[in-house]
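Undergrad: Would you mind keeping the following structure in view while I ask a few things?
All of the numbers you see were taken from the coordinates with simple rules; none came from a lab. Just so it is clear, the model here is predicted, and its values are computed rather than measured. Note that each Cβ is placed from the backbone with ideal geometry, even for glycine, and that neighbours are counted across all protein chains shown.
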Amino acid sequence: MAENQLGFNSCKNCSSSTSNMIQLRNLKTFRLVHSIFSCTFASKTNRVLVGDPKPSHFSLQSQLLCRHISSEISEHQHNFTVTYLINTCGLSPEGAILASKWVELQSSERADSVLEFLRNYGASQTQISKLIRSRPTLLSTNPEKTLLPKLEFFSSLEISNVDLLKTLAFNPHLLLVSLRNRILPTYNFLRSMLSEKNVGVVFKHNSGIFLQGHCKHVVPNIGLLRESGMPQPCISFLLTRGTRVLMVNPEKFGQLVSEVKEMGFNLEKSTSVNALRALCGQNKLVLNRSREVLKTWGWSEDDFLSAFRKNPWCMIISEKKLMQAMDLLVNKMGWSSGMIAKYPVALGLSLERRLIPRCSVVKVLLLKGLINENLNLGSLVKPAEKQFLEIFVNRYLGEVPELLSVYQGKVDIQDV
């Protein structure tokens, strides 16, 4: 029993000694880590350095320990960033992982202030998620110094807060580019040729110019147009509605201008502006597809070029809409394909708001023999709404009381 007790005490002493040794070792490790961290974080970098130019200051064991702890801290910060992006910013797990490559949050304080600032400005959670997904570095900005001045400037343009937030959600880098060096110079350039309202139109539809600037491409391209004889009103129209055209490389823009001239456009006329827009970038792919579709309806190349010269922008429509419009005008209304080539504006009109209501009225009048069968397509598509109602609806209400209801889509043709 004494031996057992002695053994037990010996075991306790051994355990106590082992415990003391472990505590001592932990204490030494703590001091070592503290020394490493003190040395490392005294540098200007934010992360723990592993490859010191003079590694002889640390033992291999110390360097390995430092690397291990650095990795754990980095992983912890990374996990915190990803979790914050998912739970607070509304990003998907995949989106959060991608975004975390561009921003590392030490805490939520700065990021919370950014999100609160955006919410107070009227941004929805969807818009905030889109902003952060596209530009995660926004979370590390100072809202008062970086975001507020730009938002105040953009709000001064003649656009609604809804349009402002939509534009920023689409192009969030606008909140990070320099206000003094990029945004204001571009604004002043635009303002020298456009009204305040049209500058707002440029911002809504072509905000990329505030990122790219105007000096490199826009200024020389406008110079070429002036040399080619395009008047200022046409240039201003192109700058407002086709800003992207003026932002292309000057060499490509010169080729574009030459192509428009070769197609028979006069640069002194506004149709040349729409021709430039239609032949630029993705629009040209749509134009070529429209050409092929219209040829299936019997158009020749001359028909297409003739229609394009009359109204270039009417050719930039989806294949689906083009087929629906041709089916309505040719198969249901009986106009020849050649007639439509003479009035291409018909293809650019809204099916629901213009073409279908007008065709329905004309169809009723034709069925009742109240108008000539050889009605010109131009008579249907050219008049403004008030004039159309006077000519084709109000005049015949005595004979067809339901005609206005037909025009409004409330009564079907077969029920009249």
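Undergrad: Compute the distance in nm between two label points, each set 7 Å from the Cα along the Cα-to-Cβ direction, one at residue 188 and one at residue 289.
TA: Computed distance between label sites residue 188 and residue 289 equals 4.3 nm.
Undergrad: I've got another one for you. Under a cut-off of 18 Å between alpha-carbon atoms, report the lysines in cross-link reach of residue 410, not counting same-chain residues fewer than 8 places apart.
TA: Partners found: 363.
Undergrad: What fraction of the Cα pairs in segment 226-286, stated in percent, has a spacing above 18 angstrom?
TA: 23
Undergrad: Here is a further query. Applying 1/(1 + (r/R0)^6) with R0 = 35 Å to the Cβ-Cβ distance of residue 109 and residue 196, what FRET efficiency is obtained, to the nearest 0.05?
TA: Taking R0 as 35 Å, the efficiency between residue 109 and residue 196 is 0.35.
Undergrad: Averaging over all projection directions, find the projected area of the Cα convex hull of segment 282-348 and quote it in nm² with one decimal place.
TA: Convex hull of Cα atoms, orientation-averaged projection: 3.7 nm².
Undergrad: What is the sum of charges around residue 177, taking Lys and Arg as +1, Asp and Glu as -1, for the other residues whose C-beta is under 14 Å from the C-beta of residue 177?
TA: Net charge around residue 177: +4.
Undergrad: Okay, next question. Tell me, how many Å apart are the Cα centres for segment 188-202 and for segment 80-96?
TA: Computed from Cα coordinates, the inter-centre distance equals 39 Å.
Undergrad: How high is the FRET efficiency from residue 249 to residue 97, r the C-beta distance, R0 56 Å, rounded to 0.05?
TA: Computed FRET efficiency for residue 249 and residue 97 comes out at 0.95.
Undergrad: Over what distance in Å are the Cα centres of segment 299-369 and segment 218-282 separated?
TA: The distance from the Cα centre of segment 299-369 to that of segment 218-282 comes to 27 Å.
Undergrad: Then there's this: Across segment 167-181, in residue order, what do the Karplus-derived ³J(HN,Hα) couplings come to in whole Hz, using 6.51 cos²θ - 1.76 cosθ + 1.60 with θ = phi - 60° and x for Gly and Pro?
TA: 5, 5, 5, 6, 9, x, 5, 4, 7, 10, 6, 5, 5, 6, 8
Undergrad: If the cut-off is a Cα-Cα distance under 16 Å, which lysines reach residue 295, setting aside same-chain residues fewer than 8 apart in sequence?
TA: Within reach: 320, 321, 342.
Undergrad: Would you mind computing Rg(Cα) / (2.2 N^0.38 Å) for segment 177-280, counting N as its residues?
TA: That ratio works out to 1.03.
Undergrad: Hey, got the dipole for segment 350-415? About the Cα centre, +1 on K and R Cβ, -1 on D and E Cβ, debye to the nearest 20?
TA: 240
Undergrad: While we're looking at this one, here's another question. Would you kindly state how much longer the chain becomes between residue 161 and residue 148 on full extension, computed as 0.36 nm times their sequence separation minus their alpha carbon distance, in nm to one decimal?
TA: Gain in length upon complete extension: 3.3 nm.
Undergrad: In addition: Which whole-number percent of Cα pairs in segment 108-193 have a distance greater than 15 Å?
TA: Above the 15 Å cut-off, segment 108-193 has 58 percent of its Cα pairs.
Undergrad: For segment 218-357, what class follows from the C-alpha gyration tensor (a ≥ b ≥ c being the square roots of its eigenvalues): rounded when a/c is under 1.5, otherwise prolate if a/b is larger than b/c, else oblate?
TA: Because a/c hits 1.5 or more and a/b exceeds b/c, segment 218-357 counts as prolate.
Undergrad: Mark the label point 7 Å from the Cα of residue 410 along Cα→Cβ and return the residues of segment 358-383 whose backbone N is within less than 15 Å of it.
TA: Those under the cut-off are none; the list is empty.
Undergrad: Quick one: Cα convex hull volume of segment 350-415, Å³ per residue?
TA: 79
Undergrad: Express the Stokes-Einstein translational diffusion coefficient of segment 288-416 in µm² s⁻¹, to the nearest whole number, given a Kirkwood radius over alpha-carbon pairs, 4 °C and a viscosity of 1.567 mPa s.
TA: 85
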